[in-house]
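K.L.:
Structure in structure tokens, see below.
Only the coordinates and a few stated rules stand behind these numbers; no lab work does. Only a predicted model underlies this, so the values are computations on that prediction, with no experimental measurement involved. Reconstructed Cβ throughout: ideal geometry from the backbone, glycine too, with neighbour counts over all protein chains shown.
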Amino acid sequence: MNLFNVYPLYDIEPVKAKGSYLWDKNGEEYLDLYGGHAVISIGHSHPHYVYKLTEQLSNIGFYSNSVKIPIQNELADKLGKLSGYEDYDLFLCNSGAEANENALKTASFFNGRKKVIAFSKAFHGRTAGAVAATDNKAIIAPVNYDEHVSFLPFNDIEALKANVTEETCAVIMEGIQGVGGINVASIEFLKAAREVCDKTGAILILDSVQCGYGRSGKFFSHDFAGIKPDLITTAKGMGNGFPIGGVLISPKFQAKFGMLGTTFGGNHLACAAAVAVLDVMKEENLVENAQKMGDYLFSNLKQIDGIKELRGRGLMVGIEFEQPVDKIRDTLLFDHHIFCGYAGKHTLRLLPSLAIGKAECDRFLEALNQVL
Ligand code: PLP
């Protein structure tokens, strides 16, 4: 059987990874500044992470969502403490799209409304509801979802105020748009979103799947605005590569049996991975490191000629060029052995491990200088 061919692939086969580095089957070393679309939060193969997952292996067969699984409570407890959202509840699932799907469902159960406001250049994943709330969708979302979603210009406070009404079920937005080009939501825009949702009874959902979990230099990027969303979705960095997602649910929502559900969400291995991630983030001060290394990268990138615009926060970095980015990205990979991503035709996207150091930043800065 062949794999269904949905991604263009580089002819590189990584066989080993450690920290921010990968090695291919020929023993060639690569610097990973992309982390498989932002999933590598604490670095590859961290010893504590490997230990925690290995320790849990024997529990797989005991998994069922009708029995107590203490590691789920450990995860919720540690996540509450590190994120500052101790009064929120946690619903566990398996991916970012699934988290957004469950957040949209939770919102509509709460206020019984159907209309969703999303934003241009938004990306929320590939389940039906998440696709419907995604601008520039690559596939057609089911009509009954799609017809209820309106897209507004991102960071446009007037459009937000004019369009969120008492018929709006939810406003869903990223604190920093990832796939859409590393566009940072302004503090004023985030505050206006909170205000208009409070006024109309719409639910404010912050999709923090890519920009959350410490990447921005705060636990969630909307923390810069000091707002508390009603629902926060997370995935990617939460498991450092192990599939896990979650919805942080504010105390205004009342859980009911049968309201949300999943077979695999909250399984032992996923929780062990997520607990290990939080342990390491805390122990190694990785949120602070993301802020520090982000500042270092941004201030040095400003000195490089040939960059049109820099966008982002912390270790979510968008570097826009006049010229298409594919040649720059390929030269960085093939000549300098540095993995980067892209967001749109002209923007290079960096989503390194939060544990990255100055040496890795310097290697990239030097390589980019040479390439340009
Ligand atoms: N939301 C955002 C902001 C994302 O960037 C992504 C994935 O790139 C998703 C949701 C979907 O996550 P997943 O691919 O885990 O379903």
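K.L.:
Calculated from DSSP H runs of 4 or more alone, at -39500 (n - 2.57) each and per residue, what is the 222 nm mean residue ellipticity of the chain, nearest 500?
P.N.:
Helix-only estimate at 222 nm: -10500 deg cm²/dmol.
K.L.:
Taking the simple approach of a point 7 Å from Cα along Cα-to-Cβ for both residue 37 and residue 58, what is their distance in nm?
P.N.:
So the two model labels end up 3.6 nm from each other.
K.L.:
Under a 10 Å cutoff between Cα atoms, tell me which one of 244, 157, 176 has the largest fluctuation in the Gaussian network model of the chain.
P.N.:
Comparing 244, 157, 176 in a Gaussian network model of the chain, the most mobile one is 157.
K.L.:
Please give every one of the aspartates and glutamates within straight-line cross-link reach of residue 52, meaning a C-alpha to C-alpha distance under 19 Å, and leave out same-chain neighbours fewer than 8 residues apart.
P.N.:
By straight Cα distance, residue 52 reaches 74, 77, 279, 283, 284.
K.L.:
Starting from the coordinates of the alpha-carbon atoms of the range 248-300, obtain the Kirkwood hydrodynamic radius over all distinct pairs and give the value in Å to one decimal.
P.N.:
14.6 Å
K.L.:
Net charge within 10 Å of residue 42 by Cβ-Cβ distance, Lys/Arg positive one each and Asp/Glu negative one each, not counting residue 42 itself?
P.N.:
-3
K.L.:
A 23 angstrom limit on the alpha carbon distance is what I want to check against. Which of 302/327; 115/252; 236/256 exceed it?
P.N.:
In this structure, 236/256 lie more than 23 Å apart at Cα.
K.L.:
Mind grabbing the base-10 log of I(q)/I(0) for the range 49-283 at q = 0.08, 0.14 Å⁻¹? Debye formula, identical points on the C-alpha positions, no solvent, two decimal places.
P.N.:
-0.28, -0.85
K.L.:
For a quick check, take a GNM of the chain with Cα springs below 10 Å and name the residue from 143, 277, 50 with the largest mean-square fluctuation.
P.N.:
Maximum fluctuation in the GNM of the chain, among the listed residues, is at 143.
K.L.:
Sticking with this structure for a sec: Would you calculate the separation in nanometres between label points at residue 283 and residue 6, each defined as 7 Å from the Cα along the Cα-to-beta-carbon direction?
P.N.:
Using points 7 Å along Cα→Cβ, the separation is 3.6 nm.
K.L.:
Something else about it: What GluC sites (Glu not before Pro) in the range 118-214 are in a loop by DSSP, with at most 14 other Cβ atoms within 10 Å of the Cβ?
P.N.:
Qualifying residues, ordered by number: 147, 166, 167.
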